[in-house]
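The structure appears below as structure tokens.
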């Protein structure tokens, strides 16, 4: 986990990690714009195949909005397209923000990595194109105001993955009738990861690689604790190693929840694969309650793969 400073891209950070830790296979779990700072989680090795497990996790940000200005990018780095009077009271801002807590339909900004017609929106925006974007369902779970120095105000927000804080700032400004643009953004958490474990990018090359991993690394077994575990006996682990489903006890894990909905672990608790539980076929009818189910592996980690039967 890295604490990204402003002024560098998320790709720059990943390149620095690859070089410093000699990790050819590495990728981040959620872009931070060059103007944003804070937590950037970088997956390496087998963890890159688990990215979808964590990418949708709840996010926590601290941000500052400036009222009275509207920009093409919804932040202060973009071209100013309107300026308006911003004679606001703190109580007005607090009241307006209440409309942005809960389930919302949010239209993604043009400066986002989403694809429309096979092209990323930010690529189209750089060409001066604006295209229609369908709103997406998001959820803002908490919005806390930290400071007011109007026409600027600072807040902390907890929200679902896929939420654009710059758009929250823009939409809040429109609701107030003043316009608004994001001045600063810092990511504090991307569940289950937090900034408290992150190493500042400037220290990446200043300390030994072993210390970087000890301070800022999270073992895959630990990171996958966000998923329900399914215990495998030796026979089931062997079947899984050949990429075949195995009969298991479901415990409290869900059935039919998707190809990366459970983590399949050996008797020692080591993660062997990500998979899905499905009902086992039973001759003459459905499986009775409490019966064993099939664990279907979808991502088998290299250390679990078996190539030949003993």
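I'm told residue 71 meets every condition in (1) without any contact (Cβ under 8 Å) to a residue 12 or more places away in the chain; (2) on the phi < 0 side of the Ramachandran plot except one. Can you identify the failing condition by its number?
(1)
So residue 260 ticks every box in (1) farther than 30 Å from residue 12 by Cβ; (2) not in a helix (DSSP H, G or I) but one. Which box is left unticked?
Here residue 260 clears every test but (1).
State all residues of the stretch 221-256 that are in a helix (DSSP H, G or I) and buried (at least 17 other Cβ atoms within 10 Å of the Cβ); if no residue qualifies, say none.
223, 224, 236, 237, 239, 240, 241
When you scan the stretch 3-116 for helices (runs of 4 or more DSSP H) that lie fully inside it, which ones turn up with 2 or more residues that are buried (at least 19 other Cβ atoms within 10 Å of the Cβ), in contact with a helix residue (DSSP H, G or I) (Cβ under 8 Å, 6 or more places away or on another chain) and assigned by TED's automatic domain parsing to the domain that holds residue 158?
Details: elements: 10-21, 51-55, 90-97.
Counting at least 2 such residues, we get 51-55, 90-97.
Looking at the stretch 272-310, which of the residues that are in contact with a helix residue (DSSP H, G or I) (Cβ under 9 Å, 6 or more places away or on another chain) and in a loop (DSSP other than H, G, I, E, B) is modelled with the lowest pLDDT?
Out of the qualifying residues, it is 310.
Got a sec? Which of 178, 167, 154 is over 20 Å from the mean Cα position of the chain (by Cα) and either surrounded by 18 or more Cβ atoms within 10 Å (Cβ to Cβ) or not assigned by TED's automatic domain parsing to the domain that holds residue 73 (or both)?
178
Is there a residue in the stretch 183-201 that is in contact with a strand residue (DSSP E or B) (Cβ under 7 Å, 6 or more places away or on another chain), surrounded by 15 or more Cβ atoms within 10 Å (Cβ to Cβ) and farther than 28 Å from residue 47 by Cα?
yes
Examine the stretch 121-135 for a residue that is loosely packed, with under 14 Cβ neighbours inside 10 Å, touching a strand residue (DSSP E or B) at 6+ places or on another chain (Cβ under 6 Å), under 27 Å from residue 176 (Cα atoms) and modelled with pLDDT under 95, and state whether such a residue exists.
Yes, the stretch 121-135 contains a residue that is loosely packed, with under 14 Cβ neighbours inside 10 Å, touching a strand residue (DSSP E or B) at 6+ places or on another chain (Cβ under 6 Å), under 27 Å from residue 176 (Cα atoms) and modelled with pLDDT under 95.
Give just the number: which of (1) more than 10 Å from residue 74 (Cβ to Cβ); (2) touching a residue at least 60 places away in the same chain (Cβ under 8 Å) does residue 147 not satisfy?
Checking residue 147 against (1) more than 10 Å from residue 74 (Cβ to Cβ); (2) touching a residue at least 60 places away in the same chain (Cβ under 8 Å), the one that fails is (2).
The values are calculated or read from the model by the stated rules, or taken from the named source; none is laboratory data. Remember, it's a predicted structure, so these values are computed and weren't measured experimentally. Using ideal geometry, Cβ is built from the backbone for each residue, glycine included, and neighbour counts are taken over all protein chains shown.
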